[in-house]
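A quick write-up on the structure given underneath.
The values are calculated or read from the model by the stated rules, or taken from the named source; none is laboratory data. None of these values were measured; they are calculated from a predicted model. Neighbour counts run over all protein chains shown; Cβ positions are idealised from the backbone, glycine included.
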Amino acid sequence: MLALALALACAPKSSTPSAPLPEDDGSVNWEREMMQLHMSEHFTRAAQARDHVIAGRLDEARAELSWLAEHDAFPGEPATYGSFMTDMRTIAETGVAARDAEGLAACIGGLGNTCGGCHQSLNVAARIPGSTGPAPDNNGGVHGHAARHGWAVDHLWIGLVKPDDAAWQGGLDAIRAPVFDMEGLGVPEEAAGTVAAYGMILSNMGQEQVGSADTGGRAELFGRVVSSCAGCHAAVR
């Protein structure tokens, strides 16, 4: 039960509403509409894969990545967009073959970086849903800290995918908070040391300053954050 509660608390709030097709009144740029629909689906699948990895559902994560790896191009897609889609499929294929959460998490970071690069190249102002309001306080024991980390993952993801420097920094600030007091955690005694270690690992990651130009570095850091979240959850499962 504790593992389920942690997974729910840590789960980022990102979701993508369905995007209905516009009516064909002769004024619609169908190539752009198709591209936007594809982007929306890619975001949904990548975010779901991320959440599955965090929760320890690795086969479900591979299923989402398999869909991305096999997703076809659409007629008339811009050449620049097609180039990034090729990169996306290659990264997704690597994720499908990954044997553990660490390998899958690295691929999730790579996907986020590919999305962000595509948005910048096409000058797309991506509208990405996520947690709103300030980061939850560092109280309430393990659940309060897990909620804060979920908020942080949301903002790091937005910072990577959009991309958005303010969101990225907000995510780092949230996980850099001091490690919680172990006495009030309420986790099994045999897992307490592991959970504390992951809390310290995440706190240290929050101090890593990776410039916006180093998109690969940010992708790598995000992958490590996701992997650490998954490791902590596994310790109390």
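Return a yes/no flag: does segment 59-71 have any residue that is modelled with pLDDT under 90, out of contact with any Cys (no Cβ under 6 Å at 6 or more places or on another chain) and farther than 30 Å from Gly231 by Cβ. Step through it out loud before you land on a result.
From segment 59-71, those modelled with pLDDT under 90 are 71; that's our starting set.
Right, trim to out of contact with any Cys (no Cβ under 6 Å at 6 or more places or on another chain) and you get 71.
After this cut, where a residue has to be farther than 30 Å from Gly231 by Cβ as well, the list is none.
No - not one qualifying residue is present in segment 59-71.
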Quick one: would you say Pro78 is surrounded by fewer than 16 Cβ atoms within 10 Å (Cβ to Cβ) and within 22 Å of Ile175 (Cβ to Cβ)? no
With the first residue restricted to segment 60-76 and required to be hydroxyl-bearing (Ser, Thr, Tyr), and the second required to be assigned to a helix (DSSP H, G or I), Cβ contacts under 7 Å at 6 or more apart or on different chains are Ser66/Val96
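Mind counting the residues in segment 106-121 that are in contact with a Ser or Thr (Cβ under 7 Å, 6 or more places away or on another chain) and within 18 Å of Ala167 (Cα to Cα)?
Here is the first cut: in segment 106-121, the ones in contact with a Ser or Thr (Cβ under 7 Å, 6 or more places away or on another chain) are 107, 113, 116-117, 121.
If we keep only those that are within 18 Å of Ala167 (Cα to Cα) too, we end up with 113, 116-117.
Of the residues in segment 106-121, 3 are in contact with a Ser or Thr (Cβ under 7 Å, 6 or more places away or on another chain) and within 18 Å of Ala167 (Cα to Cα).
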Residue under question is Val153, and the condition is that it be among the aliphatic types (A, V, I, L, M) and under 20 Å from Ala98 (Cβ atoms); does it hold? yes
